[in-house]
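The values are calculated or read from the model by the stated rules, or taken from the named source; none is laboratory data. For clarity, every value in this text was computed on a predicted model and none was experimentally measured. No Cβ is skipped: glycine too gets one built from the backbone with ideal geometry, and neighbour counts run over all protein chains shown.
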Amino acid sequence: MRTAVQRTYAAAATRPRPNLCCAQDYQSEWIAHIPAEAFTFNYGCGSPMMKSAIREGEQVLDLGSGVGIDCFVAAKIVGPSGRVTGVDMTDEMLERAEGYRTRVAATLGFDNLEFRKGFIESIPLPDGSVDVVLSNCVINLSPNKPEVFAEMRRVLRGGGRAVISDIVSDREILPEHQADEDLWGSCYTGVLPVRGFIAALREAGFIGFTRIAESPWGEKAGYRFASLTLAAFISLSRVISACIRANRRSIWGLTPWSRTMPVIAFIACNRWISAPIPPPSWRRPPTPGTSS
Ligand SMILES: C[S@@+](CC[C@H](N)C(=O)[O-])C[C@H]1O[C@@H](n2cnc3c(N)ncnc32)[C@H](O)[C@@H]1O
């Protein structure tokens, strides 16, 4: 399957293939330094970068970096004191990304970004070396997802986080459908259901999750698909601060500052951490003015 995926993305790096995956728009203020042509090779399914709250000076890793769009946005935000590494297995993608990289560095006036050839199942970086792992529409393409999640966990340093956009399905994909190379390579039948996705992340040592965005993507071979963006944490303090941010209104609104507040916050966070991530809504909202 890996060779088939590589073939698909080698071709897609040579000639744009619209509708391969479900690329989403980026806010224009963050992309002015990126050559416009790069966006014709955008094969993501969300924008984990825009949702990752990346800060200046952080070390960022982007898995399956493609032509590098998320890396270029990250490079601008982390600035000269930060570092961004994109990892991809396809030579044609890496070549194109490298061409854009030199232009981006010239525009930014600093060069804090590199692309490395490698597999996301065996990330070419040392243990505990990054603050944030980004991944935009690549985990579904891997034939060995537990290895990918374990590698994400390995390279994160204490307090680190993963921000992932990927396609999820409404149920387990049957083995006979997984065998279709074209459907797998175009981000359909390699996907996991939400529950399986979270379970695999937990298995790898991630302990708290927050759903950031979702959008329905459509139906194929009898399955329903959606794009989901989530953050996954490896340290309790990060989970608690994400929980407090997410539940700020209910924790702060209900409880005036008092000695009981930490207890209420703890109970709320405990429930939040162990709550399952609900499945996305699979249907596109109706277009205004149309009746169903
Ligand atoms: C759907 S594209 C997404 C590219 C990019 N993240 C974006 O948003 O445009 C998937 C990319 O991951 C790469 N890829 C797929 N499987 C991989 C693997 N197992 N290891 C490394 N790269 C992989 C492909 O070469 C391709 O560039």
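Quick notes on this structure:
- With respect to (1) of a type outside the set (A, V, I, L, M, F, W, C); (2) within 24 Å of Gly109 (Cα to Cα); (3) within 11 Å of the ligand (Cβ to nearest atom); (4) modelled with pLDDT under 95, the lone exception for Pro48 is condition (2).
- Scanning the range 1-41 for residues that are within 12 Å of the ligand (Cβ to nearest atom), over 17 Å from Glu181 (Cα atoms) and without any contact (Cβ under 8 Å) to a residue 40 or more places away in the chain gives Pro16, Ala23, Phe39, Thr40.
- Cβ pairs under 8 Å, 6+ apart, first in the range 81-110 and closer than 12 Å to His33 by Cβ, second β-branched (Val, Ile, Thr): Tyr100/Ile34; Tyr100/Val67; Val104/Ile34
- Checking Ser165, Ser186, Ser142 one by one, the residue that is under 23 Å from Cys22 (Cα atoms) and buried (at least 24 other Cβ atoms within 10 Å of the Cβ) is Ser165 and no other.
- For Ile54: the one exception among (1) assigned to a loop (DSSP other than H, G, I, E, B); (2) more than 11 Å from the ligand (Cβ to nearest atom); (3) more than 26 Å from Pro126 (Cα to Cα): (3)
- Among the criteria (1) near the ligand (Cβ under 10 Å from one of its atoms); (2) touching a residue at least 60 places away in the same chain (Cβ under 8 Å), the one Gly118 does not fulfil is (2).
- Residue check for Gly44: in contact with an Asp or Glu (Cβ under 8 Å, 6 or more places away or on another chain), surrounded by 20 or more Cβ atoms within 10 Å (Cβ to Cβ) and on the phi > 0 side of the Ramachandran plot: no
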